[in-house]
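The block underneath contains the structure these notes are about, expressed in structure tokens.
The values are calculated or read from the model by the stated rules, or taken from the named source; none is laboratory data. Quick caveat, the model's predicted, so the values are computed rather than measured. Every residue, glycine among them, receives a Cβ derived from its backbone with ideal geometry; neighbour counts consider all protein chains shown. Calculation scope for accessible area: heavy atoms of the full protein, side chains included, ligands and nucleic acids excluded. Shrake-Rupley method; radii C 1.70, N 1.55, O 1.52, S 1.80 Å.
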Amino acid sequence: MLKSFSAEVEGVSFDFNTMNIQRPQLFQVYVDHDGQKVRFHMQINNEGVFRIALKEACPEPYRHLESLLSATILQHAQEAEQA
């Protein structure tokens, strides 16, 4: 079963809250930015890669981490599946 999790990516802490516990599909992602907790969404596409759903919702300094955030979600999902 897929659960919410936290992970550090490029030295930044992100909280990933799954919106579907049966399979990885959509995540709310939280990050601290300029003293505030900011939320954006990552959604899986037809190629099986997670993308930031609305780029403008993600603080600009973290947008370049999209592929690493996707890989983090996919790795966590794979580990959850094997457990």
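Key figures
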item: The range 24-42: number of residues that are surrounded by 14 or more Cβ atoms within 10 Å (Cβ to Cβ) and either aromatic (Phe, Trp, Tyr) or not in a loop (DSSP other than H, G, I, E, B) (or both); result: 11
item: Residue match in the range 27-38 (condition: free of Cβ contacts under 8 Å to residues at least 60 places away in the same chain, under 11 Å from the mean Cα position of the chain (by Cα) and farther than 27 Å from Ala83 by Cβ); result: no
item: Test: Ala83 is in contact with a Pro (Cβ under 6 Å, 6 or more places away or on another chain) and at pLDDT below 95; result: no
item: Residue within the range 44-56 that is part of a helix (DSSP H, G or I), out of contact with any Pro (no Cβ under 6 Å at 6 or more places or on another chain) and surrounded by fewer than 17 Cβ atoms within 10 Å (Cβ to Cβ) present; result: yes
item: Where Ala53 falls short, out of the listed (1) modelled with pLDDT of 95 or more; (2) within 22 Å of Ala83 (Cβ to Cβ); (3) of a type in the set (Gly, Ala, Ser); result: (2)
item: Of all residues making up the range 11-22, the number that are at pLDDT 95 or above and surrounded by 11 or more Cβ atoms within 10 Å (Cβ to Cβ); result: 6
item: Matching residues in the range 57-67 - criterion: being open to solvent by 100 Å² or more (accessible area, probe 1.4 Å) and either in contact (Cβ under 8 Å) with a residue 12 or more places away in the chain or not in a helix (DSSP H, G or I) (or both); result: His64
